[in-house]
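Step one of this worksheet: look at the structure below.
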Amino acid sequence: MRTIPRQLTETSLNRRALLRWVNGAIVGVLALVWLPASGRADQADAAGAFLLSLTDRAIAELADESVPVAERKQRFRQLFNDNFDVPAIGRFVLGRYWRSADKAAQGEFLAVFEDVMVDRFAPQFAGYAGTKFKIGAIREVSENNQIMVSSTVAPPNAEAAHVDWRLRSRDGGFKVLDVVAQGLSMAQTLRSEYGSVLKNSGGKIDALIALLRKRTNRAG
Amino acid sequence: MEFSVIRRFAAVLAVLLALTACASQDKDAPASGVPGESADVYDVEDDDNDPLETVNRFMFAFDLTLDVFILKPAAATYRFLVPAVVRDSVRSVIRNLRSPVVLANDLFQGEMARAETTTMRFLINSTVGVLGLIDVADGWGYPHHDEDFGQTLAVHGAGEGFYLVLPIFGPSSVRDGAGLVVDTFLDPLTYVGRIYDIEDELLIRTAVGGIDTRSRNIDTIDDLQRDSIDFYARIRSLYRQSRANEIRNGASDDSQTSGLYGSEPDFSDPDFSDDADNSETTD
């Protein structure tokens, strides 16, 4: 007669212990799943905030046409170097030819490449004052700490464009790797073009550098 | 006469199927239609898929010359003389005339929602919009989109074949060039002209459409050309990326393992990652 309640309490204790263990395990698993997920959400928010502040600054500093072009170019160069991973982009753009070039040539290329970008894009912001910028989906690219942020850019006097930004998170900050407007990737286009020039010049990076330098000198 | 049209259509279809069959053998070709695409081929020469490059470059130069002496001046004059409202009406009429072709390709691609949009646009703009002069449908939630048979072929798995620069029409590919031919047969205007004995109605529409489109791109193309060091290669890359984007209907590219942009290796190649062995050499 006595043994039965004891057995009952034992089993109920065991059951309670088991339940507690199961609960703990569930919480533990949830925590494992949840924590990195919330970390990712933070990262996505941070990436969006980074882009918003970058585009705000770009329009504030570069859209004003009363500022002399030389001054705007200087500002663009500053923004470009601070927020774009210029060495990585230059390396991607040269593709397989990067490795065959020596360090001096690589450095020379990056310098002239930066000038080309400044000449090309610094004047593009004129008339973009009042542009509406909206962040859309943000997703992580599996490896290499890369994040794709999609956005809609609506200038006051033109049709809205869909622009994707490829970012890389590094040391708690972000750098832009590529800008993809309406499916057209800046880095990819330059890589194809420079690749073609390099192929036709027998892979000589010096020939490419000379051509680019001629371009930037002419653009003034 | 109708029999000859049907016979010609059958001939084109046969050639097309043969081409598509060839293209489909290229297992590497993704839906974007760029063959030879594979991840992480950093040390391999980027595949331009342009076996006719010499001929293409010649044709490109020819097209550019036509552009400089005829199309661009015509477009600039048109933009200068014709008010923006009228130019928008011209574009609306041309888009409205193209609706049957767009609808057919929407249906071929199984895009029912887009097919409905195209149908509603045609019905609304042809009536309320006064024969297509005003794009009323756009404001009513039926925005314009384009489709063509080249995209339909791509959606069904055809590769681009290879890059092709057509006389006058410019950048294209085997697939998209064949698509252009099929679209002409899908176009009711092709047959209306035959029945009513109107000549050159397709030619006129193509010319006006070309001038209108060019007039909207004058500044963009000038910008593109200004800092280019190989304009042919730049346009080839942009054409492919733009087609891939159109085939995806503008959706963001979600592929993460294969090359994201065209036939070249993407950012997942080792030299673009954090631990690139020579990253310290760049400063």
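The values are calculated or read from the model by the stated rules, or taken from the named source; none is laboratory data. Quick caveat: nothing in here was measured; it's all calculated off a predicted structure. We place every Cβ from the backbone using ideal geometry, glycine too, and count neighbours over all the protein chains shown.
Listed here are the residues, each with its yes/no results for (1) more than 20 Å from B:Ser237 (Cα to Cα); (2) surrounded by 21 or more Cβ atoms within 10 Å (Cβ to Cβ).
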| site | (1), (2) |
| --- | --- |
| A:Phe174 | yes, yes |
| A:Val180 | no, yes |
| A:Ser185 | no, yes |
| A:Thr189 | no, yes |
| A:Ser201 | no, no |
| A:Ala207 | yes, no |
| A:Ala210 | yes, no |
| A:Lys214 | yes, no |
| A:Asn217 | yes, no |
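Would you pick out the residues in segment A:75-104 that are more than 11 Å from chain B (Cβ to nearest Cβ) and surrounded by 15 or more Cβ atoms within 10 Å (Cβ to Cβ)?
Of everything in segment A:75-104, those that are more than 11 Å from chain B (Cβ to nearest Cβ) and surrounded by 15 or more Cβ atoms within 10 Å (Cβ to Cβ) turn out to be A:Arg75, A:Phe76, A:Arg77, A:Leu79, A:Phe80, A:Asn83, A:Phe84.
Filter segment B:170-198 down to the residues that are in a loop (DSSP other than H, G, I, E, B) and free of Cβ contacts under 8 Å to residues at least 12 places away in the same chain and list them by number.
Across segment B:170-198, the qualifying residues are B:Asp197, B:Ile198.
Where in segment A:82-151 are there helices (runs of 4 or more DSSP H), lying fully within it, with 2 or more residues that are under 21 Å from A:Val67 (Cα atoms) and either among the acidic types (Asp, Glu) or within 21 Å of the chain's Cα centre (by Cα) (or both)?
So the answer is A:103-121.
Being assigned to a loop (DSSP other than H, G, I, E, B) and more than 10 Å from chain B (Cβ to nearest Cβ) is the filter; apply it to segment A:168-200 and report the residue that is nearest to A:Gly90 (Cα to Cα).
First pass over segment A:168-200, keeping only residues assigned to a loop (DSSP other than H, G, I, E, B): A:171-172, A:182-183.
Checking the rest, the ones that are also more than 10 Å from chain B (Cβ to nearest Cβ) come to A:171-172.
Working: A:Asp171: 21, A:Gly172: 23 Å.
The selected residue is A:Asp171.
What about A:Ala187, is it modelled with pLDDT of 90 or more, more than 22 Å from B:Asp223 (Cα to Cα) and small (Gly, Ala, Ser)?
Taking the combined requirement at face value, the residue does not satisfy it.
Taking only segment B:68-109 into account, find how many residues are out of contact with any helix residue (DSSP H, G or I) (no Cβ under 6 Å at 6 or more places or on another chain), free of Cβ contacts under 8 Å to residues at least 24 places away in the same chain and of a type outside the set (Phe, Trp, Tyr).
Qualifying residue count, segment B:68-109: 10.
Suppose we keep only residues that are of a type in the set (Asp, Glu) and farther than 9 Å from B:Gln109 by Cβ within segment B:145-161. Which one would you say is surrounded by the fewest Cβ atoms within 10 Å (Cβ to Cβ)?
That would be B:Asp146.
Has segment B:81-104 got at least one residue that is at negative phi, at pLDDT 50 or above and in a loop (DSSP other than H, G, I, E, B)?
Yes, segment B:81-104 has at least one match.
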